[in-house]
1. If you average 1/r over all unlike Cα pairs in segment 261-351 and invert the result, what Kirkwood radius do you get in angstrom?
2. Suppose R0 equals 56 Å. What FRET efficiency, 1/(1 + (r/R0)^6) with r the Cβ-Cβ distance, do LYS309 and LYS349 give to the nearest 0.05?
3. Helix-only mean residue ellipticity at 222 nm, the chain, DSSP H runs n ≥ 4 weighted -39,500 (n - 2.57), per residue, nearest 500. What is it?
4. Which links in LYS210/LYS338; LYS127/LYS162; LYS127/LYS197; LYS162/LYS210; LYS33/LYS197; LYS44/LYS197 stretch past 24 Å when you go from one Cα to the other?
5. Between 0 and 90 degrees, rounded to the nearest ten: what's the tilt of helix 198-207 against the longest Cα principal axis of the chain?
6. Cα gyration tensor of segment 137-289, axes a ≥ b ≥ c as square roots of the eigenvalues: rounded (a/c below 1.5), prolate (a/b > b/c) or oblate?
7. For ALA94 paired with THR217, estimate the spin-label separation in nm (one decimal), with each label point 7 Å from Cα along the Cα-to-Cβ line.
8. With axes computed from alpha carbons, what is the tilt in degrees of helix 157-176 against the longest principal axis of the chain, rounded to the nearest 10 within 0 to 90?
Amino acid sequence: MRILVTGGAGFIGSALVRHLVRDIGAEVLNIDKLTYAGNLASLKPIDGFPSYRFLRADICDRTAINEAFETFRPDYVMHLAAESHVDRSITGAADFIQTNVNGTFTMLEAARQYWTSLPEERKATFKMLHVSTDEVYGSLGASGLFEEVTPYDPSSPYSASKAASDHLATAWQRTYGLPVVISNCSNNYGPFHFPEKLIPLIILNALDRKPLPVYGTGSNIRDWLYVDDHARALWLIVREGRPGEKYNVGGRNERRNIDVVSRICSLLDEIKPSHSPYSDLITLVADRPGHDARYAIDATKLETELGWKAQENFDTGIRKTVEWYLENTWWWQPLRDKVYSGERLGILKKA
C-alpha cells in the first residue's frame, strides 16, 4: 500500500503520517514545503522506519509533483498541504490563494495525469482525498449543525481559499471522472500543534505567565476534534469513501472559547500549580475581523456509512494534550524561541 501525503510535516498531516506508517504499515511519501508551520520534528516517532520517505517540495511545482507521482507510484493520494491560520490570512491572503487554490489545482492535474496512465486494475482502485475544513460553511446560529449539503458561505480569506479548492476537487471528479473524495473537519487539537492556534497558545502562554488572549467575549463556539481521531477518519475515508462524496468529521464536542481556556487553566492548576490561578491571566482582546460565531459538525454520514467513531471526548483529549505539552518541551521550545513567540496576529491597520 503506497500513499502520497501532502503537508505531512504539519499538525494534522504529521498525525496522519505517523498513523499510516506506525499503525497501518503503509509505505508513505510525505511531500511538504516546510513553511514556518512544517516541522520534521513532529515525525521523530517514525524516524528510521524504512516505509517512510520525505520529499521537500512545493505543491505548486508541477514538475516536482509529476516526478513524485511517477517515481513513487501511489495507490492513494491524501492532500492536506495548506495555509491554515485564519489570522494570518487576514493580513496575508496571497499565500493562501497560491497554496490552497493554485496548489490544489496542481495536485488535481498531476493526479489526473497519473491516474489516466494507470492500467485498468490499478486505475479502478486509485483514489484521492482532499482534506478541507468546516469553515467553508460559514457561521451557524445558536442551533443546527453543518451537514455535507450545507451551502458554502466562507467568511475569511482562509475559508474562501479552502472553499475554492473544494469546488475544484468536485469539478475534477465530475468533469474528468477523477476519483476524488472530500472531507471537512472541525477544529483539531492535540500533540504537535503549532503554537499559533488557540489551545497550544493558551497552554504555553500560561506556562510563561503571559496573558491568555480571548477574542471578544469568548462566546464563539467551536466543535473540537482530537487529531488522532481525525487521522483515523481520514484513512477510513480514503479507503472506503465514495468518489464524488463529502464526509464531515467532527468530535461532537462544542465548547465556547472562554470555556476551553478556563478548562486548560484548571488542568494546569491541578497538574502544574503556580503561585496564583492560571485563570488570572485570561485577557479579553478585540475580536477578530469576520469572526464566525459558531461551528458544529454533523458527522452522521461518516459514522453510519463508514463506521467511524471518535475515541476521545473533549475532557479526555484536552487532558492528554496539556500533559503532552508539559512533557515535550523539546518539541515546542525551539518554536517559541525562534519561530513564533505568541504575539497577536491578524490585526488590520486603521486607514
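Read-outs throughout are calculated quantities, based only on the coordinates presented, and are distinct from any laboratory measurement. Please read these numbers as outputs of a predicted model, since none were measured by experiment. No Cβ is skipped: glycine too gets one built from the backbone with ideal geometry, and neighbour counts run over all protein chains shown.
1. Working: mean 1/r = 0.0583 Å⁻¹.
About 17.2 Å for segment 261-351.
2. It comes to 0.75.
3. Values: 13 runs with 137 residues, N = 351.
Result for the chain: -11500 deg cm²/dmol, rounded to the nearest 500.
4. Details: LYS210/LYS338 18 Å; LYS127/LYS162 20 Å; LYS127/LYS197 31 Å; LYS162/LYS210 33 Å; LYS33/LYS197 20 Å; LYS44/LYS197 22 Å.
Long pairs (Cα-Cα over 24 Å): LYS127/LYS197; LYS162/LYS210.
5. So the helix axis and the longest Cα principal axis differ by about 40 degrees.
6. Numbers: a/c = 2.72, a/b = 2.01, b/c = 1.35.
Prolate is the answer for segment 137-289, as a/c is 1.5 or above and a/b outweighs b/c.
7. 3.9 nm
8. Result, in degrees: 20.
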